[in-house]
Amino acid sequence: MPPHFNLDKEDSKRLLLEAYNFGINFYDTAIHTEYGDSEIKIGHAFNKLRDRIVISSKARAYTKSDMEKAMLSSLKNLDTNYVDLYGIHQISPTNYETAMNPDYGAICALREAKAKGTIRSITVGTHHADIAAECSKFTDIDMVQLPYNPLEYGLYDSALTAGLDKNKVVFHKILGGGMLPALCSISSLLHFALKEKPVSALVGIGNFYQLSELRQAYEHTINNENTILLPHSECNRCQSCICTKGINISKLLRYRAYALSGFHRWALTGFTKCYTLKCDRCGDCLTTCPRSLNIPLLIEEAENWFHDLVNYKEVNK
C-alpha cells in the first residue's frame, strides 16, 4: 500500500488475503518509488499463492536501461521470478518516441524480458487518448490502462474514435483517485465502469473499511441498475479542446474538479505543475469543445480557487 494508508506489513497481508478470499485475483501495483512499499507487501502476502494470482506492475521508465533496472527491482520486491504483466507507466507525447524505440526504448527491455519469461505480457498506462489508441495497435502490447469514471470517460471515447482496440482496455481510477465517492456511491461508480464491459476494472483498496465498501458495492452493482448524476457543466477529459497558447485544458480542469471535491492538496500540487501559461480569455477553445462548455469561465474559476488557497496558506503559516 502507499504509505499514507499506514498499514504495516502484517495488516497489509491480512487485507490482501481477505481480498483474495473474496475472489479478487488481479493485483495491480507499481515500482517502489511510485507506489511506496506496495510491491513488497504484495510479495509478502502471496509468496505461497503466487500461481493463483495475477500481478501487474509498472514503472515510469522510458529507456531500455531504466526499464531493466525497474524490472529487477520489482522482481526482488515482489519476491517472485516472474511478473504476469509489466509495463510503461504514464506514457505521454513527451516520452512516447523514446519509450517505444525498438533499439533503446523501454519497449525493447520489455520484449527481451518477455522472451526470457521474466514477464508474461506487456502493458502500458496513459492519460492520452491518441497514445492509448496507438499503443493498442502493437501486437505484443496486451493491456492498455486508461482512467474511466464520470469525470474522465471522455478520454476513453476519444481513444475509441482514434482507433483504440477496446479488447485490450483495463480501466483504472474508477473512484477518481478516491475523490468521487464524495459525490456518488461506490456501487454507482462501479456500474458506470462495468457497463462498458472492459477486460477488467481496477479499484484501489487501502484499508479494511474500503474493502468492505467495495464488496458491498460490487454485490449491489451486479444486481441493480445505477444512475450517475453529475453536472453536465463538468469536463469529461475528452481532450478535444485546443488552446492556441499551449495550455493543457483537460488536465487543468481535472485539478479544478479535485478542488471542488475538497481534495485541495492534490489540486494545488497539480495546478501548480500544469498552469505555467496564463489564459488570456481569447475564446479560441470554445469552438473545439463538443459539449459547448464555457472553458474560459471554468479556467477563471480554477484560477480564483488557486489564488484564494495560496493566500490562505500564506496568512495561516
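Between Tyr96, Tyr148, Tyr156, which is within 15 Å of Tyr62 (Cβ to Cβ) and either surrounded by 24 or more Cβ atoms within 10 Å (Cβ to Cβ) or among the aromatic types (Phe, Trp, Tyr) (or both)?
Tyr96
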Checking Thr161 against (1) among the hydroxyl-bearing types (Ser, Thr, Tyr); (2) farther than 25 Å from Ser261 by Cα; (3) surrounded by 20 or more Cβ atoms within 10 Å (Cβ to Cβ), the condition it does not meet: (3)
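How many residues, within region 150-165, are more than 19 Å from His89 (Cα to Cα) and either in a loop (DSSP other than H, G, I, E, B) or not hydroxyl-bearing (Ser, Thr, Tyr) (or both)?
If we filter region 150-165 for residues that are more than 19 Å from His89 (Cα to Cα), which is where we start, we get 150-151, 153-154, 157-158, 160-163.
If we keep only those that are either in a loop (DSSP other than H, G, I, E, B) or not hydroxyl-bearing (Ser, Thr, Tyr) (or both) too, we end up with 150-151, 154, 157, 160, 162-163.
So the count comes out to 7.
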Residue tally, condition out of contact with any helix residue (DSSP H, G or I) (no Cβ under 8 Å at 6 or more places or on another chain), crowded, with 20+ Cβ neighbours inside 10 Å and part of a helix (DSSP H, G or I), over region 166-187: 0
Check on Ile55, under 21 Å from the mean Cα position of the chain (by Cα), surrounded by 17 or more Cβ atoms within 10 Å (Cβ to Cβ), at pLDDT below 95 and assigned by TED's automatic domain parsing to the domain that holds Thr118: no
In region 23-41, residue surrounded by the fewest Cβ atoms within 10 Å (Cβ to Cβ) [restricted to those that are within 16 Å of the chain's Cα centre (by Cα) and hydrophobic (A, V, I, L, M, F, W, C)]: Phe26
Hits in region 279-300 - residues which are in contact (Cβ under 8 Å) with a residue 40 or more places away in the chain and hydroxyl-bearing (Ser, Thr, Tyr): Thr288
Scan of region 255-313 for residues that are modelled with pLDDT under 85, part of a loop (DSSP other than H, G, I, E, B) and of a type in the set (S, T, N, Q), ordered by number: Ser261, Thr276
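The values are calculated or read from the model by the stated rules, or taken from the named source; none is laboratory data. Everything numeric in this text was worked out from a predicted model, so none of it was measured. Neighbour counts are summed over all protein chains in view; Cβ atoms, including those assigned to glycine, are modelled from backbone coordinates with ideal geometry.
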